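*Asks:* One structure, pasted below without further comment.
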Amino acid sequence: MFRFNTIKDYQAALLAGEQSCIQTVQFYLHQIEQHKQLNAFLEVFAAEAEARAVELDAELAAGKPMGKLHGVVVGIKDVICYKGHIVSAASKIIENYTAVYSATAIEKLLGEGAIIIGRQNCDEFAMGSSNENSAFGSVKNAIDPTRVPGGSSGGSAVGVQANLCMISLGSDTGGSVRQPADFCGVVGLKPSYGRISRYGLIAYASSFDQIGIFSHTVQDAALVLEVIAGADNFDSTVSQKEVPFYSTEIEALPIPKKVAYFKETLSHPGLDPEIKLQTETYLESLKAKGFTVEAIDFSLLNYLVPTYYVLTTAEASSNLSRFDGIKFGHRTNGPIDDLADLYKKSRTEGFGEEVQRRILLGTFVLSAGYFDAYFTKAQQVRQKLVDLTNNLFVNYDILVSPTVPSPAFKLGEHNHSATEMFLADIYTVYANLVGIPAISIPLFKHSNGMPFGLQVMSASGNETGLLSFSKTLMENQ
Ligand code: GLN
């Protein structure tokens with residue numbers, strides 16, 4: 001039976017004629033079918049993926065050189081546009097919306113021979129930490145289906161976790177790639193803000209959003225990043241810096257050695273004692289392996305989540321205003337009194353509860369009377385964090401923390417309390433607030449049987465350092 005290890009090994013098998021793309025696609029289609037109850041995919045592009053596999057096999061047979069992602073089977077979170085396919089953001093409001101163009105990241109994947117196998121379930125408009133906010137049902141964690149996979153990119157994490165695809169693309173606004181990667185025991189990478197074009201990614205909070213990558217190995221994440229990163233005329237916030245050859249550089253360049261962690265992250269009262277202990281023990285062991293690991297003070301930890309939620313809801317309230325039943329999205333069939341009533345009814349019917357809550361909150365913090373007290377204040381905190389981060393990376397290469405304060409919780413466990421749910425983001429939102437790259441790598445196992453990860457961060461633009469450090473840690477477990 002087919003067993004996926006790394007993209008490199010898989011492509012060697014393709015070249016040697018031991019495996020074909022069509023066999024591979026059929027293997028994954030079977031896997032998806034067998035694991036339907038996990039609810040990871042909202043739609044599978046079966047016939048299309050098979051046709052593309054046949055085409056790729058023929059190209060290889062005809063001697064055409066393989067693209068970097070030739071035959072790689074990829075699932076995409078349902079917030080990324082793929083021309084001619086529905087993109088619903090797991091919301092009733094655009095349940096049947098067909099993308100009229102493809103995201104730049106998708107174009108780049110296809111250009112290197114990837115096969116897109118389907119669109120994956122997520123929290124509605126990427127708002128959530130458990131995937132319970134999808135309009136199309138929760139996703140289940142494949143290790144323990146009574147537990148959540150994390151969110152918002154839960155379907156994408158489970159896609160890789162349960163071997164339903166080789167790679168998934170998700171999006172990460174405050175942890176939506178790293179947190180589910182942690183809960184599912186896979187690698188989840190959020191690059192620096194602007195490293196990958198956001199063109200074709202349905203916006204949640206534009207100054208935070210970044211497409212991210214789920215994989216089994218750091219090497220695969222590096223290769224996919226190398227393909228999908230880079231300048232793009234359709235996104236004015238994208239970095240113009242040349243894209244390094246991450247996949248080869250991480251094998252060749254020296255491994256960063258100067259590691260810091262924020263003292264407060266490990267002494268936080270919300271942190272699971274076992275995660276604390278295992279992380280501390282692990283950091284000690286790094287010292288023995290020749291890394292310097294230093295604790296530094298960080299007094300702003302408790303401001304991160306509030307700052308994040310003020311700013312992201314403000315941006316979301318603006319970004320989602322286009323879904324009004326007129327410009328985009330579901331329009332009510334009910335009787336209406338006037339235009340305002342049409343908006344109100346359409347949006348009430350179309351948006352789920354969490355999305356509505358955030359639009360209301362965001363509108364509130366932007367309102368004239370409260371703008372300075374909330375929005376301006378939060379912007380100031382964000383700037384302070386950026387300054388502090390710039391200083392930190394003068395002296396250190398790498399910053400580490402637990403990815404999430406608890407392992408995957410039970411379905412329904414945190415549903416009653418938004419603030420409890422928000423706590424799941426306490427360690428991840430920092431990287432989005434300051435725009436630095438961050439990854440969760442699956443190093444640990446909790447006594448309850450669930451995996452958990454270490455979050456590794458580095459200076460903006462230093463994906464190479466981040467990835468080579470993470471690769472070394474994963475190889476030396
Ligand atoms: N859990 C966070 C939120 O609900 C992160 C979401 C994300 O990164 N898309 O906002």
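The numbers here are math on the coordinates, done by the rules we state, and not lab data. What you see is a predicted model; the values in this text were computed from it and never measured. Because the Cβ atoms are built from the backbone with ideal geometry, glycine has one as well, and the counts that use them run over all protein chains shown.
*Asks:* What residue among 462, 145, 166 has its Cα farthest toward the positive end of the dipole of the chain, where the charges are +1 on Lys, Arg and -1 on Asp, Glu, each on the Cβ?
*Replies:* Of the options given, the answer is 462.
*Asks:* Also, quick follow-up: Assign unit charges at the C-beta atoms only (+1 for Lys and Arg, -1 for Asp and Glu), then state the dipole size of the range 258-350 relative to its Cα centre in Debye, rounded to the nearest 20.
*Replies:* Dipole of the range 258-350, to the nearest 20 debye: 300 debye.
*Asks:* Here's a follow-up. Nearest 500 deg cm²/dmol is fine: what mean residue ellipticity at 222 nm does the chain get from its DSSP H runs of n ≥ 4 alone, each adding -39,500 (n - 2.57), divided by its residue count?
*Replies:* -12000 deg cm²/dmol
*Asks:* Can you list the aspartates and glutamates whose alpha carbon sits under 18 Å from that of residue 327, skipping same-chain ones fewer than 8 residues off?
*Replies:* Answer for residue 327, where 18 Å is the Cα cut-off: 95, 338, 341, 349, listed by chain and number.
*Asks:* Under the rule a/c < 1.5 gives rounded, and otherwise a/b versus b/c splits prolate from oblate, where does the range 378-450 land using the Cα gyration tensor? Mind dumping the intermediate values first?
*Replies:* On the way: a/c = 3.89, a/b = 1.51, b/c = 2.57.
Here the range 378-450 falls in the oblate category.
*Asks:* Please rank 129, 317, fewest neighbouring Cβ atoms within 10 Å first, as an exposure proxy.
*Replies:* Neighbour counts put them in this order, fewest first: 317, 129.
*Asks:* Name the shape class, rounded, prolate or oblate, that the alpha-carbon gyration tensor gives for the range 126-225, where a ≥ b ≥ c are the square roots of its eigenvalues, rounded holds for a/c under 1.5, and otherwise prolate holds if a/b is larger than b/c and oblate otherwise.
*Replies:* In terms of gyration-tensor shape, oblate.
*Asks:* State the answer as a single residue: which of 447, 304, 333 lies farthest towards the positive end of the charge dipole of the chain, with beta carbon charges of +1 for Lys and Arg and -1 for Asp and Glu, about the Cα centre.
*Replies:* Of 447, 304, 333, it is 304.
*Asks:* If you don't mind, there's one more thing I want to ask. Please report the antiparallel percentage of the DSSP beta bridges confined to the chain, to the nearest 5.
*Replies:* Around 60 percent antiparallel, to the nearest 5.
*Asks:* Enumerate the amide H contacts of residue 294 below 5 Å, restricted to partners 5 or more residues apart or on another chain; note that Pro and chain-start residues carry no placed amide H.
*Replies:* 259, 260, 261
*Asks:* Residue-wise, which Karplus ³J(HN,Hα) couplings in Hz belong to the range 300-311, taking 6.51 cos²θ - 1.76 cosθ + 1.60, θ = phi - 60°, and x for glycine or proline?
*Replies:* Result, rounded to whole Hz: 9, 3, 6, 8, 5, 5, x, 4, 4, 6, 5, 6.
*Asks:* Give me a comma-separated list of calculated 3J(HN,Hα) values for the range 216-221, in order, Karplus coefficients 6.51, -1.76, 1.60 applied at θ = phi - 60°, integers in Hz, x for any Gly or Pro.
*Replies:* 7, 10, 5, 4, 5, 4
*Asks:* Moving on. Compute the signed sum of charges (Lys and Arg +1, Asp and Glu -1) over the other residues within less than 14 Å, Cβ to Cβ, of residue 323.
*Replies:* Details: positive: 92, 322, 327, 331, 344, 345, 347, 358; negative: 95, 124, 324, 349.
For residues surrounding residue 323, the net value is +4.
*Asks:* Same structure, new question: To the nearest 20 Debye, how big is the dipole of the range 346-432 about its Cα centre, given +1 on the beta carbon of each Lys and Arg and -1 on that of each Asp and Glu?
*Replies:* The calculated dipole for the range 346-432 is roughly 160 debye.
*Asks:* Anything over 30 Å Cα to Cα? Flag those among 8/289; 384/410; 8/410, in the order listed.
*Replies:* With Cα atoms farther than 30 Å apart: 384/410; 8/410.
*Asks:* Per-residue HN-Hα couplings for the range 366-381, Karplus 6.51 cos²θ - 1.76 cosθ + 1.60 at θ = phi - 60°, whole Hz, x for Gly and Pro?
*Replies:* In residue order, the calculated couplings are 8, 5, 3, x, 10, 3, 5, 5, 10, 5, 4, 4, 5, 4, 5, 4 Hz.
*Asks:* Taking square-rooted eigenvalues a ≥ b ≥ c of the alpha carbon gyration tensor, is the range 302-449 rounded, prolate or oblate, where a/c under 1.5 means rounded and, failing that, a/b exceeding b/c means prolate?
*Replies:* Oblate, because a/c is 1.5 or more while a/b does not exceed b/c.
*Asks:* Using modelled backbone amide H atoms (1.01 Å from N, in-plane), which distant-in-sequence or interchain residues come within less than 5 Å of residue 212's amide H?
*Replies:* Excluding prolines and chain starts, which carry no amide H, the hits are 170, 171, 172.
*Asks:* Separate question: Could you work out the local net charge near residue 144, counting Lys and Arg as +1, Asp and Glu as -1, over the other residues with Cβ closer than 14 Å to its Cβ?
*Replies:* That sum, taken over residues with Cβ under 14 Å, equals +3.
*Asks:* Counting only residues 5 or more places away or on other chains, whose amide H sits under 5 Å from the amide H of residue 120 once H atoms are built in the peptide plane?
*Replies:* Residues meeting the criterion, in which the H sits 1.01 Å from N, are 42, 76, 77, 78.
*Asks:* What's the local net charge at residue 113, with K and R +1, D and E -1, over the other residues with C-beta under 12 Å away?
*Replies:* Surrounding charge for residue 113 is 0.
*Asks:* Now, a different point. Using a 10 Å cut-off around each Cβ, can you sort 469, 422, 183 from fewest to most neighbouring Cβ atoms?
*Replies:* Lowest to highest Cβ neighbour count: 422, 469, 183.
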